[in-house]
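Have a look at the structure below before the remarks.
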Amino acid sequence: MTSGGSCSNDRRMTNVFERYLTLWVALCIVAGIALGRVAPGLAKTLDSFSIFVNGAPVVSIPIAICLFFMMYPIMVKIDFAEVVRAGRSAKPVGLTLFINWAVKPFTMYGIAFLFLGVLFRGFIGPEAVDLVKMPFGLDLPIGAIHGAGTVVLSEGVKMLEVPLWRSYLAGAILLGVAPCTAMVLVWGYLARGNSGHTLVMVAINSLTMLVLYGVLGGFLLGVGRLPVPWEALLLSIGAYVALPLVAGYFTRRWILAAKGIAWFNERFLHVLTPVTIGALLLTLVLLFSFKGDVILSNPLTILWIAIPLFLQTTLIFGLGYGLARLLRLSYEDAAPTALIGASNHFEVAIATAVMLFGLSSGAALATVVGVLIEVPVMLLLVKVCLRTEHWFPASHKRAD
């Protein structure tokens, strides 16, 4: 079956922000490090505009605004009416949910722990530590032990001093429990997959995340000895998933009623994509302005984090693709099913890492590495799909 490969030449990413996302992230690393050198207090000053609870900064207002605008354009694209019709494709939907929620979080934990906590621990620094936010609602005395950390006083604020590799592990965990992003619509399009199935799964994952993200994230962070109170996870889910979800739902409903679907797709959505990427890039500049010293002192830091993330991505893709073949799914359903599992909802992961551990934390840095490798790795997996289309039974329809 060769039609998919030949027709795939027509499929290209036309949006300059999406097409060169890896380049933009790399430039943000340079800009952030330079900003940290030139104006070391700027990012910290912006991050100090926070909502405080019991004297501890809980939500950074400037970062919360950036993160909201990262999430809102994604949510407004979702047509939740499609979720009701998803039952017609019970097999691919069921497989996608199984990979995303029963497998992916646990393989991410295992792979990240093996590499960051064992194989690469010496390179990261066995004695290297990271200062992260005190868990929301927790008031412990200086010197108290909490999980793998110790309560210390830093610039008049109580912080938790944890091993640096565990902070990176926390970021990997938050990526592992955040499956699928709106970018997967691009990957499914390039692979000539079933766009309807892809869109439905973005919606279903957003809804499922409201329930399972906190449960699995809290459990695995606790296993990794970085326990986070459930109140903090619920606040994070509410701020960075539920709020944009509700805002997106009502915005979409109002615009469709007032302007129609053509105006919504051709005018409104066209404006939103740069907003998402712009908010993401601004957040990354601020983050790297904090982490410049860590990166310059250990330039291979990003590589140590990227290797387990890359292995996790390819493993989940291979597992999803292989199971889809065993279940005899059509290629148009198999490709997006595997790509959805491999892709990470890095917007939610970054937002949660910043809220739970702080903008300057290793956990936040680890989630950003997920952004850095997303585009090249997913494009590689798209090529794998196109070259193996003949492995799957022919579909009765093409997703053009």
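At a glance:
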quantity: Ranked packing of 339-349, 296-306, 63-73, most packed first, by mean Cβ within 10 Å; calculated: 339-349, 63-73, 296-306
quantity: 5 angstrom amide H check on H146, placed H, neighbours 5+ away; calculated: V151
quantity: H390, H270, ranked by accessible area, largest first (probe 1.4 Å); calculated: H270, H390
quantity: Highest to lowest packing among 100-111, 251-262, scored as the average C-beta count within 10 Å; calculated: 100-111, 251-262
quantity: For the chain, accessible area per residue (1.4 Å probe, heavy atoms of protein chains only), Å²; calculated: 41 Å²
quantity: Per-peptide average of other Cβ atoms within 10 Å, ordering 207-218, 350-361 highest first; calculated: 350-361, 207-218
quantity: At 1.002 mPa s and 20 °C, Stokes diffusion of the chain via Kirkwood alpha-carbon radius, µm² per second; calculated: 100 µm²/s
quantity: Which of Y168, Y249 is most accessible, then next, and so on - probe 1.4 Å; calculated: Y249, Y168
quantity: Chain lengthening between I61 and V246 when straightened (0.36 nm per residue, less Cα-Cα); calculated: 64.6 nm
quantity: D293 accessible area, assembled protein chains, probe 1.4 Å, Å²; calculated: 110 Å²
quantity: Computed helical MRE - 222 nm, the chain, DSSP H runs ≥ 4 contributing -39500 (n - 2.57), nearest 500; calculated: -20500 deg cm²/dmol
quantity: Gain on full stretching of the segment that runs from F106 to H270 - 0.36 nm per residue minus C-alpha separation; calculated: 55.4 nm
quantity: Which of L386, L160, L153, L46 is most accessible, then next, and so on - probe 1.4 Å; calculated: L153, L46, L386, L160
quantity: Projected label distance in nm at R37 and F219, using a 7 Å step from Cα toward the beta-carbon; calculated: 4.6 nm
quantity: FRET efficiency, K259 to F68 (Cβ-Cβ, R0 30 Å, nearest 0.05); calculated: 0.85
quantity: Accessible surface of segment 323-362, 1.4 Å probe, proportion on carbon and sulfur as whole %; calculated: 52 percent
quantity: Karplus 3J(HN,Hα) series, Hz, for segment 184-201 with 6.51 cos²θ - 1.76 cosθ + 1.60 (x for Gly, Pro); calculated: 5, 5, 5, 5, x, 4, 5, 8, 6, x, 6, 5, x, 4, 4, 5, 4, 5
quantity: Low-density loop cleavage sites - GluC sites (Glu not before Pro) in segment 114-222, where at most 10 other Cβ are within 10 Å (DSSP); calculated: E127, E155
quantity: Hz values of 3J(HN,Hα) by residue in segment 359-376 - Karplus curve (6.51, -1.76, 1.60), Gly and Pro given as x; calculated: 5, 8, 7, x, 4, 5, 4, 4, 5, 5, 4, x, 5, 4, 9, 4, 5, x
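The values are calculated or read from the model by the stated rules, or taken from the named source; none is laboratory data. Keep in mind that what you see is a predicted model, and the values were worked out from it rather than measured. Note that each Cβ is placed from the backbone with ideal geometry, even for glycine, and that neighbours are counted across all protein chains shown. Note: areas computed on protein heavy atoms with side chains; ligands, DNA, RNA excluded. Shrake-Rupley method; radii C 1.70, N 1.55, O 1.52, S 1.80 Å.
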